[in-house]
Amino acid sequence: MSDLEKNSKAVDPHLYTNEPVDEEVGVTKRGEPLKKDLKSRHMQMIAIGGAIGAGLFIGSGSALRNGGPASLVICYLIVGFMLLFTMQALAEMAVLYPVNGAFYTYIVRFVDPSWGFAMGIDYALSWLTVLPFELTAASLTIRFWREDVNVAVWITVFLVVLIIIQFFGVRGYGEVEFILSVIKIAACTGFIIFGIVYNCGGVGDKGYIGAKYWYDPGAFNNGFNGFAGVFTVAAFAFAGTELSGLAAAESENPRKAIPQATKQVFWRILFFYVLNLFILGLVMPYNDERLKNASGSNSRYSPFVLAIQDAGVDVLPSIFNAVITISVISVANSCTYGSTRTLQAMSERGMAPAFLAYIDKAGRPLWCVVLQLAFGLLAYIGVAGNQGDIFTWLLALSGLSYFFVWGSICLAHIRFRAGWKAQGYTLAQLPYKAPLGIWGSAIGLTITILAIMATFYTSLYPSTDAEPDAEYFFSQFLAAFVVLFLYIFWKVYTRDWRFFVKAHEMDLKSGARILEPTDEPMPVKTWANLPMRAVRALF
């Protein structure tokens, strides 16, 4: 029986103070500390703006065509609800444990090291492989104006921009995300206004449209197959929302910044995603032939750009295409953050090569950054090949992976609460509590499992009359097999055959910031501050 197990039953709830603990159970190589340069405004924009990219502005076109406008809105809303519960669970753990690796570390501590290894590698791999796609996508958006310049030139330009951003460390990442996210949010708001005016006949020659396209050609397409197929696209579009939790270790004041960012996620998703897509479905019929090309990185066939062009508004299509370019660069910037922090934390635990644990004097995980940027060079391969095929396989590695990550966050929260109770702690000691507790996490976990099942079905039968096709199936469901392989590999490698870390054996000490009686209380909700809270919920 370990010393931790012997002492767990008699633990003093106030034994652990808000001072950081240097040695974490399982850490084999401790790197230098990361810089805590992210402010509250950075965290809030990372939570919503970092996820707005090609998945929303371009990928939603294929989702609209395959599932219809109702499927588009419903699936994005379901994923939004799931993310609400997931982000609340992540916030509770991130405020208490603002440690390297965030949810990867929580999964290792509270669920199972092998599952944590699988989630960490898969999550890092997702960002590593998404970067070349985003660089290609950003470069191809330039073809909206110029087709005479080779795409490789723009890939080089954007890659150099990313390298320059890395010189400024996490503060550079935060400032760039803040500025670009403001632009993206302004564009989403602008499209909502445009869509309402266009739908009511204020611009264009179609007159009043109303809900005509929901009746003809219809609200749904391809039945359940089309509906289920939207889930993977939605997951890819929302990828990056969890980065605010990953950034906890580099936040100036995680106790304040993380709850503010995560509590607003759902309302921002509802406003900037669901409302935009609802209006898009009102002004763009799903049987528009141009939507066949609305996938990958072809911004010329972005449903948002097509709708603006149909309205005959001059200049605005170019402006919105510029926003798409900015959005894709923003997601590429997020790639360099998501993978590097995860790989650095994994290296400290001996789950990745030791040299990746190195952090320079500026607080940058230097070799992790080099590795991520090296993956960006894969974008040049796509220049000579078929970008559509490349996008499909990159989406296979990244889209479904986020369902596993989000579900694992919910599972880690459920297990954490079990360990918290078993080791004698109380909920009053948590600096921030998820409003629905483990029930919210249970709902989030259930939704992710259902989404994975739906994706499995539609990978076999993408349409009602389709027959199973091996190539298509693996292009849609590859991430699940990657996760399973990684999980089994680490089980065999470590010979640790436990399914879960036992509640009384969990490491609840390292890096904890337990709420003390002398700590400043959280702001109280009153009718007087309701208007300001409503404004902050969106902006």
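The values are calculated or read from the model by the stated rules, or taken from the named source; none is laboratory data. All values reported here derive from a predicted model rather than from experimental measurement. Neighbour counts are summed over all protein chains in view; Cβ atoms, including those assigned to glycine, are modelled from backbone coordinates with ideal geometry. Surface accessibility is based on the protein's heavy atoms, side chains included, excluding ligands, DNA and RNA. Shrake-Rupley method; radii C 1.70, N 1.55, O 1.52, S 1.80 Å.
Conditions (1) assigned to a loop (DSSP other than H, G, I, E, B); (2) of a type in the set (Phe, Trp, Tyr); (3) within 30 Å of Gly338 (Cβ to Cβ), marked per residue:
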site: Tyr215; (1), (2), (3): no, yes, no
site: Ala234; (1), (2), (3): no, no, yes
site: Arg255; (1), (2), (3): no, no, yes
site: Arg268; (1), (2), (3): no, no, yes
site: Phe271; (1), (2), (3): no, yes, yes
site: Leu291; (1), (2), (3): no, no, yes
site: Leu306; (1), (2), (3): no, no, no
site: Val313; (1), (2), (3): yes, no, no
site: Ile326; (1), (2), (3): no, no, yes
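Met346 falls short on exactly one of the conditions (1) within 22 Å of the chain's Cα centre (by Cα); (2) at pLDDT below 90, and that condition is (2).
Please enumerate the residues belonging to region 411-470 that are of a type in the set (S, T, N, Q), under 27 Å from the mean Cα position of the chain (by Cα) and open to solvent by 60 Å² or more (accessible area, probe 1.4 Å). Break it down stepwise before answering.
First, pick out the residues of region 411-470 that are of a type in the set (S, T, N, Q): 423, 426, 429, 441, 446, 448, 455, 458-459, 463-464.
From what is left, the residues that are under 27 Å from the mean Cα position of the chain (by Cα) are 441, 446, 448, 455, 458-459.
Selection gives Thr446 alone.
Yes or no: Ser318 in contact with a Ser or Thr (Cβ under 6 Å, 6 or more places away or on another chain) and of a type in the set (Ser, Thr, Tyr)?
no
You will find that of Pro69, Pro33, the residue that is surrounded by 24 or more Cβ atoms within 10 Å (Cβ to Cβ) and either modelled with pLDDT under 90 or part of a helix (DSSP H, G or I) (or both) is Pro69 and no other. Given the criteria within 32 Å of the chain's Cα centre (by Cα) and either assigned to a helix (DSSP H, G or I) or small (Gly, Ala, Ser) (or both), does Phe220 qualify? The answer is no for Phe220.
Taken as a whole, the structure leaves Leu270 outside the set of residues that are touching a Gly at 6+ places or on another chain (Cβ under 6 Å), surrounded by fewer than 24 Cβ atoms within 10 Å (Cβ to Cβ) and either within 30 Å of Ile409 (Cβ to Cβ) or hydrophobic (A, V, I, L, M, F, W, C) (or both).
Would a scan of region 135-152 turn up a residue that is open to solvent by less than 60 Å² (accessible area, probe 1.4 Å) and farther than 28 Å from Val233 by Cα? Checking region 135-152: at least one residue is open to solvent by less than 60 Å² (accessible area, probe 1.4 Å) and farther than 28 Å from Val233 by Cα. Kindly indicate whether Met87 is out of contact with any Leu (no Cβ under 7 Å at 6 or more places or on another chain), open to solvent by less than 10 Å² (accessible area, probe 1.4 Å) and more than 26 Å from Glu134 (Cα to Cα). Spelling it out, it is not the case that Met87 is out of contact with any Leu (no Cβ under 7 Å at 6 or more places or on another chain), open to solvent by less than 10 Å² (accessible area, probe 1.4 Å) and more than 26 Å from Glu134 (Cα to Cα). Considered as a group, the residues in region 153-170 that are crowded, with 17+ Cβ neighbours inside 10 Å and modelled with pLDDT under 85 include one that is farthest from Arg364 (Cα to Cα), and that residue is Val170.
Anything in region 273-296 that is more than 23 Å from Thr189 (Cβ to Cβ) and open to solvent by 10 Å² or more (accessible area, probe 1.4 Å)? List them, or say none. Explain how you work it out, then say what you get.
Step one: filter region 273-296 for residues more than 23 Å from Thr189 (Cβ to Cβ), giving 285-293, 295-296.
Selection gives Pro285, Tyr286, Asn287, Asp288, Glu289, Arg290, Lys292, Asn293, Ser295.
Filtered by the rule that a residue be of a type in the set (Val, Ile, Thr) and open to solvent by less than 50 Å² (accessible area, probe 1.4 Å), region 358-376 gives Ile359, Val369. The residues in region 176-211 that are under 30 Å from Asp360 (Cβ atoms) and open to solvent by 50 Å² or more (accessible area, probe 1.4 Å) can be counted, and the count is 3.
Take the conditions surrounded by fewer than 18 Cβ atoms within 10 Å (Cβ to Cβ), out of contact with any Lys or Arg (no Cβ under 8 Å at 6 or more places or on another chain) and aromatic (Phe, Trp, Tyr) and apply them to Phe477. Does it pass? Don't jump to the end; show me each part of the working.
On the way: surrounded by fewer than 18 Cβ atoms within 10 Å (Cβ to Cβ): no; out of contact with any Lys or Arg (no Cβ under 8 Å at 6 or more places or on another chain): yes; aromatic (Phe, Trp, Tyr): yes.
For Phe477, the condition - surrounded by fewer than 18 Cβ atoms within 10 Å (Cβ to Cβ), out of contact with any Lys or Arg (no Cβ under 8 Å at 6 or more places or on another chain) and aromatic (Phe, Trp, Tyr) - is not met.
For Ser126, the conditions (1) surrounded by fewer than 21 Cβ atoms within 10 Å (Cβ to Cβ); (2) at pLDDT 85 or above all hold with the exception of (1).
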